[in-house]
Structures are given as structure tokens and as C-alpha cells.
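Each remark here refers to the structure printed beneath this line.
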Amino acid sequence: MNPMNKPKWILLSLILLFLQPVMAAESGIISKSDQAEMKNLVSVNAWLEGADKSAKATQSTKHSNTASDEETSDQKAALAQKEAVYAVSEQIVMVIEVSTPRWLTGGTRIDSIEIPDVIVKQRNPLATNYTQRRDGQTWSIQRWEITLYPQASGQFHIPPTRVTAQVSAPNGQNVQANLTTPPLAFKASLPSGFLSGDKGWVAASALTASEQWQVSREQGELKVGDSITRSVTLTGTDTLSVLLPPLLTSNRDSETNHKPSDSYHRYPKPNTLDDSQSRGNYQSSRTEEVVYVLQKGGELHFPDLKLQWWNTKTQQLETLVVEGRRFTVKHTMGSWLSLYGPILLTVLVLLAVGYILVRMMLRYYRTRPTPQWLVFSRALKAKSWATARVLVYRKLRGETQQLELHQYQASSSWQSLSQRLQQATLSRAGFIRVWLKLKRVTTKGYALPKALPALETINNKNEP
């Protein structure tokens, strides 16, 4: 080193030595001895609360203003504590409490928390500030709340979270303290066996629903082409709007939910979601609105909407019911034809086919003998019993090749009928029974040959 420059280096070293305390004070850096003296200057506690705001698990530890990446004995003891059990989708409040016997001089920052299958939100961006007397000394305390919503059953661990706070030291300096919360753990499970992932449900401390109906026609009866608007608002306490299941716009139709119908066309509007908090109370709402354009006349029924939900305050499964409504829709000419046109066309076709068949049958029997059953029915209608007896014997000869009725069957009932027919004491019902009982005698599925085939050529039109 050049001997001429040595005085300059000595002077520069003295200046830096003099300015070092000033720079340290301005930057908030304190020595190790000062850090040891202010070890208990600021502390952080953390625990979990349920929807009823009662601490289900308290796992807390104090930290000094010095940052440390290693787990303390208090942290390890916190992991060994018994874990609290919550319902799936139940709101869990993670409380982070920063306290100091001095006062906080800057904003407190909390690092983000990420847990698989858990929705983590800091719904309240502001802390609750208050004071507390501890051992005759007043402490300034900040209470921060972070809400957790487990989405599946299982065991969950909340890792240590970095908290940065700035406090006033006794020497008047602003000290930045880097703290970490203790590791917390909890379990989540389905609160009831009647709940599953197939059907929408929600866990909340309170749940209400309201609905509004609007019709496009203010006066008079609704007609096809008019519209009905149904709006349903679901409001829950200690839950999230994204966790409130849909009722009107659900893609899954169930026995209790509103099923699609050909009586109208559905036009759902975008859902409105809202989350708010006031004085530690967390409110969420979901508003659904659907416009139904009427396509058919008649009675239109919108069924009740039902939703199962788990009451975290009473620890019971409840069912929320939104009442439906009935409307009467008047037909227009076009809607009436659209609804009953196929039925009307079918009836007209059947009538036309029946008319053609009757005309063909009449034309057929103009040149052919009248069927025996028709002649027999006419004789019974005219009470011409003699003609009816002749027709019975003719059928007996044609079907069985027999000449006497009593030889057809040996049963007592048949013998009684045949005797009464010969004595002319048989009623009209008796004649019909005899006529129906006479059937062609067959052997092994083949009809026997007729003994008197020439009888078939007798012209029925010449009968009296």
C-alpha cells in the first residue's frame, strides 16, 4: 500500500465506525445483545375455532422477535395434542394473535397458507385491536382470522405460517419481528351417513332461503308464449357462497329438485355470489334466477325445492324447503293444435279406416249369404225363437256333424239347456250360451269332414 494513502484509509475507517450505529438505528437492525434483551418483546399465538366460536383445539406458542426455521419444543408439543374433528365444508377459523407489551408501529403481514383439499380465505382483511392486562402490564393485541373449509374427509396439517410485525423497542427504535405460528392439525369427516357427494349439501350455522315470482302478464290469465321468472336466494352463515349448492340451475335432476319439462323452455341467468363479514359474522349468499317461457296450456306445477344441510351449531341434519307454485296457462290455437294435433289426426285416421271397412263389408255381403251369427242375432232381437232354434241346429250340424243337441255333451248343464230349447222355454241369454258352446269337433288339430256338405249351400236369405 502506498504510504501516502494510509492516512486516507484510517480516516475513512473512523467515519464508517462513527456512522454504523446511526445506520443501524435507521434500518431497524439491532445487535445480538439487544435481541436477547427483547426476546419476549412480541409473541404470536394460534388456535382453531369452529362455527360456534368456541375453541375446539388450542395450540399456541410464544416466539421472540428473532426468526427461526427450526421447530421449538412447544411446536412439537402442539403436534402431539389431540386434533379437533370438524364436518366436511364446515367453517374453521384459524385465529392468529400477535401481542406486545409495547405497541405495533407498522402493518402486520401474514404469508399465504396452502393446504390440499382445503379452501383457505382471509375474509376479514382487517385485524381486531384491543388491550389486555397481563401481570400488571398492558399488552397491545391484534387478532387475525383466517377461515378454512375442508372439502374432503381426512387428516389435515396447517404448516407453520410466517408472520411479520413491527413494534416499538424501549430504545425508541422500530423493530421488525419475524415470527411463525405453531403447526396445527385437525380432522374432517362426513357428519351424517345420509350425506354424500352425489347430492348437494352444505354445512353452516344458519341457512335460510327466499324466493320471488314474476310473470310477464300482469292482468288476466297466462297464455302460451308468456314467461315466468323464478328467483331463489340461499343465505348461509359461516360458509362460502361457492359452497352453497345450486337449486334451480342444477344439471343433476333428482326426485326433489326441479325437473325439466316440455311445458316450458328454461333460460337460466348467471348466478350472483356474495360473501361479506360484519363484526366477526360471516355471511354468504347465492342468488339463482331462471326464466320459463311457456310452451303448453293447462296446469303447470313448479315443485318444491329441498336441500339437506348440516347445522354446525346444533350438530343435526336439517332439510330446507322452498315452496313451489301452480299456474294455469291458457291455450292459443297454435298451441292447442300442437298439443292435441297428433291425437286428433289418429282419431280421424281410425274413423276413416272404420268407414272403409264397413263399406267393404256391406259390399261383400250384397252378393254373399249373410253370416249365421248376424242372422242369429237378428232373430234374437226380433224374438223369433223358432228361427233361432233352426239356426242352432244348423250350426250343430255344420260344426259337429250331429243332429241332436243332447248328444253334443253329456254334462247336466248342457242337457238342461238342450231340453229347455226343445220345449221353447229358453231365454235369450240361454240361446246365446248354447250358440257359444257349439264348436267344431276336431281330432288332433284337424277338423272332421262334414257329413252333409250340401247343407252349406242353403241360401240364408230365403229363411223366414
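The values are calculated or read from the model by the stated rules, or taken from the named source; none is laboratory data. None of these values were measured; they are calculated from a predicted model. Note that each Cβ is placed from the backbone with ideal geometry, even for glycine, and that neighbours are counted across all protein chains shown. SASA here: full protein model, heavy atoms, side chains in, ligands and nucleic acids out. Shrake-Rupley method; radii C 1.70, N 1.55, O 1.52, S 1.80 Å.
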remark   = Residue hits (the stretch 297-319; of a type outside the set (A, V, I, L, M, F, W, C) and either out of contact with any strand residue (DSSP E or B) (no Cβ under 7 Å at 6 or more places or on another chain) or closer than 25 Å to SER241 by Cα (or both)) are PRO303, ASP304, LYS306, GLN308, ASN311, THR312, LYS313, THR314, GLN315, GLN316, GLU318, THR319
key: Residue list for the stretch 320-344, restricted to those being more than 30 Å from LEU244 (Cα to Cα), within 33 Å of the chain's Cα centre (by Cα) and either of a type outside the set (A, V, I, L, M) or at pLDDT below 85 (or both)   = THR328, LYS330, HIS331, SER335, SER338, LEU339
query = Of the conditions (1) over 29 Å from GLN283 (Cβ atoms); (2) assigned to a loop (DSSP other than H, G, I, E, B); (3) open to solvent by 70 Å² or more (accessible area, probe 1.4 Å), ARG133 fails just one. Which one is it?
reply = (2)
ask   = Just for strands (runs of 3 or more DSSP E) wholly inside the stretch 161-245: which have at least 1 residues that are of a type in the set (Val, Ile, Thr)?
value = 162-168, 174-180, 201-204, 206-215, 227-237
The stretch 273-288, residues that are open to solvent by 50 Å² or more (accessible area, probe 1.4 Å) and not small (Gly, Ala, Ser) = LEU273, ASP274, ASP275, GLN277, ARG279, ASN281, GLN283
remark   = Of the residues in the stretch 189-242, those that are within 15 Å of the chain's Cα centre (by Cα) and of a type in the set (Lys, Arg) come to LYS199
Test result for VAL242, closer than 25 Å to GLY280 by Cβ and open to solvent by 70 Å² or more (accessible area, probe 1.4 Å) = yes
request  = Report yes if some residue within the stretch 231-248 is of a type in the set (Ser, Thr, Tyr), modelled with pLDDT under 90 and under 18 Å from TRP310 (Cβ atoms); otherwise report no.
outcome  = no
remark   = The correct count of residues that are farther than 20 Å from THR237 by Cα and not hydroxyl-bearing (Ser, Thr, Tyr) in the stretch 99-126 is 14
task = Could you check PHE156 against (1) at pLDDT below 85; (2) within 35 Å of the chain's Cα centre (by Cα) and say which number it fails?
result = (1)
task = Working only within the stretch 294-317, note down all residues that are outside any loop (DSSP other than H, G, I, E, B) and surrounded by 13 or more Cβ atoms within 10 Å (Cβ to Cβ).
result = LEU294, GLY298, LEU300, PHE302, LEU305, LYS306, LEU307, GLN308, TRP309, TRP310, ASN311, LEU317
ask   = Which numbered condition trips up GLY324, out of (1) in contact with a helix residue (DSSP H, G or I) (Cβ under 8 Å, 6 or more places away or on another chain); (2) touching a residue at least 12 places away in the same chain (Cβ under 8 Å); (3) surrounded by 11 or more Cβ atoms within 10 Å (Cβ to Cβ)?
value = (1)
inquiry  = For the stretch 332-385: of the residues being part of a helix (DSSP H, G or I) and among the charged types (D, E, K, R), which is surrounded by the fewest Cβ atoms within 10 Å (Cβ to Cβ)?
reply    = ARG366
remark   = Scanning the stretch 108-130 residue by residue, the ones that are open to solvent by 90 Å² or more (accessible area, probe 1.4 Å) and over 37 Å from the mean Cα position of the chain (by Cα) total 2
ask   = For the stretch 142-160, which residues satisfy the criterion of being closer than 16 Å to LEU104 by Cβ and either open to solvent by 60 Å² or more (accessible area, probe 1.4 Å) or touching an Asp or Glu at 6+ places or on another chain (Cβ under 6 Å) (or both)?
value = ARG143
task = Test THR181 against the stated conditions and say whether it is of a type in the set (Val, Ile, Thr) and touching a residue at least 24 places away in the same chain (Cβ under 8 Å).
result = yes
remark   = All conditions in (1) touching a helix residue (DSSP H, G or I) at 6+ places or on another chain (Cβ under 9 Å); (2) in a loop (DSSP other than H, G, I, E, B) are true of TYR149 except (2)
task = Name every residue in the stretch 386-433 that is of a type in the set (Val, Ile, Thr) and open to solvent by less than 60 Å² (accessible area, probe 1.4 Å), in order of residue number.
result = THR387, VAL392, THR400
query = THR370 fails exactly one of the following numbered conditions: (1) under 30 Å from ILE432 (Cβ atoms); (2) β-branched (Val, Ile, Thr); (3) modelled with pLDDT of 85 or more. What is the number of that condition?
reply = (3)
query = Among (1) within 42 Å of the chain's Cα centre (by Cα); (2) at positive phi, which single condition is TRP310 missing?
reply = (2)
